[in-house]
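Engineer: Before I ask anything, let me first share the structure, which is written out below as structure tokens.
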Amino acid sequence: MSEITNTRSLRGSIVLLRVLIGWHFLYEGIIKLYNPDWTALGYLSSAQGPFKQVFYAMTNQSFIGWIDGLNMAALIIVGLTFSLGFSEKKGAFIAIGLLAMYYLAHPPFPWLIQINTEGNYWFVNKNLIELAACLIIYQYPTGKYFGLDRFFKMNKKENK
């Protein structure tokens, strides 16, 4: 009996984690979408660490519009898939890639001076923690328990 309770509790915890991360991504994407002055230019041009040249290259005028659009789209897609509980594995895959890029653009390495950070970190920051949470969601999608995947699954059964 305790195993069943623990399984339900684990599912509920992962659903909560998924929805909260989804809200975070969706909010960030929509805020950027409706702010005509927003651009990733500042974030990318202040990149640090071993991949800074890659991020500097993204600030090229011919790329930055695409980078901004892809960033907003990725945030909104992840936000919707996680918040609504459908295609979570695809959303998690996109989230992991996006968070890895955020992490690598401004890695919290102790030998780097931290620019535009909310605190002092030592290898681990909020991007890395959220990336790890997305790895869990990728491995254990919960839309079939709470989300549109469950709704579509129930409708499929009714139509048979």
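Values quoted throughout were computed directly from the atomic coordinates according to the rules given, and no laboratory measurement underlies them. Fair warning: this is a prediction, and the values are worked out from it, not measured in the lab. Cβ atoms come from the backbone with ideal geometry, glycine included; neighbour counts cover every protein chain shown.
Engineer: Let me know the longest stretch in the chain that avoids all chymotrypsin sites (Phe, Trp or Tyr not before Pro) found in a DSSP loop with at most 12 other C-beta atoms within 10 Å.
Structural biologist: In short, 35-110.
Engineer: Let me ask you something else. Mind putting together the pair-distance distribution for the stretch 38-84? All Cα pairs, 10 Å bins, whole percent per bin, short to long.
Structural biologist: Per 10 Å bin, starting at 0, the Cα pair percentages come out as 27, 42, 25, 6.
Engineer: Please compute, for the alpha-carbon atoms of the stretch 63-121, the extent along each of the three principal axes and give them in descending order in Å.
Structural biologist: 40, 26, 16
Engineer: Eight or more residues apart or on different chains, and alpha-carbon atoms under 30 Å: count the Lys pairs in the stretch 2-159 matching that.
Structural biologist: Qualifying lysine pairs in the stretch 2-159: 21.
Engineer: Cα centroids of the stretch 77-112 and the stretch 9-66: how far apart, whole angstrom?
Structural biologist: 8 Å
Engineer: Now a separate question. On a 0 to 90 degree scale, rounded to 10, what angle separates helix 126-139 from the longest Cα axis of the chain?
Structural biologist: Its long axis makes an angle of about 30 degrees.
Engineer: Please compute the volume of the convex hull spanned by the alpha-carbon atoms of the stretch 12-160 and report it per residue in Å³.
Structural biologist: Details: hull volume 18.4 nm³, N = 149.
Convex hull volume per residue, Cα atoms: 124 Å³.
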